[in-house]
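Engineer: I'd like to ask some things about the structure below.
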Amino acid sequence: MSDLSPVGPDVPPHGPDLASTTFVDAGDPEIIAFCRKHLKPGNERETAIALYLAVRDDIRYDPYRIEFSLEGMKASTTLKKGYGYCVAKAVLLAALARAAGIPARLGFADVRNHLSTARLRKVMGTDLFVYHGYTALFLDGKWVKATPTFNRELCERFGIFPLDFDGRADALLHPFDAAGKKHMSYERDHGLFQDLPVKAIVEASLKAYPQMMAYLEKGGVGGDFHEEAGS
């Protein structure tokens, strides 16, 4: 499986940013139908916000059932399953945006203090999350970044505010929790891509957390992340 090169933020949107691709399958009928339910005719920014909220809250965050395969990483697969981890949800938002005619790219960064539980940290063996996924949308003449990862219910369980997106400013990570304590931080940005650089993601994940990747290869880690968050 070939890898992809990042696209600089100074490169204006063009054909690939609106295209249906292997993973960002914006032309899938279910993607189009879901997109149409949230369209705000004549207002791209309001459409982007509606799509962001739909992916954030309608698709449950689940880091325990990741499938690194062509079919498993498609946007349409995440929509059908109703759950996914950060990368899967970013891919879905990109596909929905493109289906709405909004140019979209995928972005990735290594982060610390990502929402986690004691069990997940033990399985991963680190608090560094490599290739955390977000989506870049071209709105009102500029690229803005949004992370639709953590659904409202999960945020409430963790005691943090859900991350909102206004279509004007970047909405990336929760820098503070609800109590005002420092939370997430960026360690390294990997840039923006027009399709999923799955080879790079898998290689980085194998190096960062081999035990978890071995579990995923056998069908998943098991457990319920939402229940753990409330314990």
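Engineer: Filter the GluC sites (Glu not before Pro) in region 32-99 down to the DSSP loop ones having no more than 15 other Cβ atoms within 10 Å, then list what survives.
Structural biologist: Sites meeting the loop and neighbour criteria: GLU71.
Engineer: What does the extension gain come out to for GLU156 and ASP58, with contour length at 0.36 nm per residue minus their alpha carbon separation? If you can, show how the numbers build up before the last one.
Structural biologist: Numbers: separation 98, 0.36 × 98 = 35.28 nm, distance 1.50 nm.
Result: 33.8 nm gained on full extension.
Engineer: Take the chain, connect every pair of alpha-carbon atoms lying under 10 Å apart with a spring to form a Gaussian network, then pick out the residue of ALA204, ALA75, ALA90 with the largest mean-square fluctuation.
Structural biologist: Of ALA204, ALA75, ALA90, the most mobile in the Gaussian network model is ALA204.
Engineer: What ratio of Cα Rg to 2.2 N^0.38 Å holds for the chain?
Structural biologist: Computed over Cα atoms of the chain, the ratio equals 0.95.
Engineer: Could you give each residue of region 78-87 its phi-based ³J(HN,Hα) in whole Hz, using Karplus coefficients 6.51, -1.76, 1.60 with θ = phi - 60°, and x for Gly or Pro?
Structural biologist: 4, 4, 5, 6, x, 8, x, 9, 3, 5
Engineer: Can you tally the lysine pairs in region 15-229 where the Cα-Cα distance is under 22 Å and the two residues are eight or more apart, or on different chains?
Structural biologist: 25
Engineer: Mind sorting LEU93, LEU79, LEU120 by how few other Cβ atoms lie within 10 Å of their own Cβ, fewest first?
Structural biologist: Fewest to most other Cβ atoms nearby, the residues stand as LEU120, LEU79, LEU93.
Engineer: Given GLY82, VAL144, LEU39, which one lies farthest toward the positive end of the charge dipole of region 15-229, if we put +1 on the Cβ of every Lys and Arg and -1 on the Cβ of every Asp and Glu?
Structural biologist: Positive-most Cα among the choices belongs to VAL144.
Engineer: Follow-up question, since we're still on this one. Rounded if a/c is under 1.5, else prolate if a/b is larger than b/c, else oblate: which is region 69-117, with a ≥ b ≥ c the root eigenvalues of its Cα gyration tensor?
Structural biologist: oblate
Engineer: Sticking with this structure for a sec: Modelling each spin label as a point 7 Å along the Cα-to-Cβ direction, I'd like the ALA169/GLU227 distance in nm, to one decimal.
Structural biologist: Result for the modelled spin labels: 3.9 nm.
Engineer: Still on this structure, I have one more. Using +1 on the beta carbon of Lys and Arg, -1 on that of Asp and Glu, and nothing else charged, what's the dipole of region 15-229 about the Cα centre, debye to 20?
Structural biologist: Dipole about the Cα centre, nearest 20: 160 debye.
Engineer: Using amide H atoms built 1.01 Å from N in the peptide plane, name the residues 5+ places from LEU163, or on other chains, whose amide H lies under 5 Å from its own.
Structural biologist: none
Engineer: How large is the helix-only mean residue ellipticity at 222 nm for the chain, computed as the sum of -39500 (n - 2.57) over DSSP H runs with n ≥ 4, divided by its residue count, in deg cm²/dmol to the nearest 500? Walk me through the intermediate numbers first.
Structural biologist: On the way: 9 runs with 84 residues, N = 231.
Using -39500 (n - 2.57) per qualifying helix, the result is -10500 deg cm²/dmol.
Computed from the coordinates by the stated procedures, all read-outs in this text should not be read as laboratory data. Please read all numbers here as calculations on a predicted model, not as lab measurements. Note: ideal-geometry Cβ built from the backbone for every residue, glycine included; neighbour counts use all protein chains shown.
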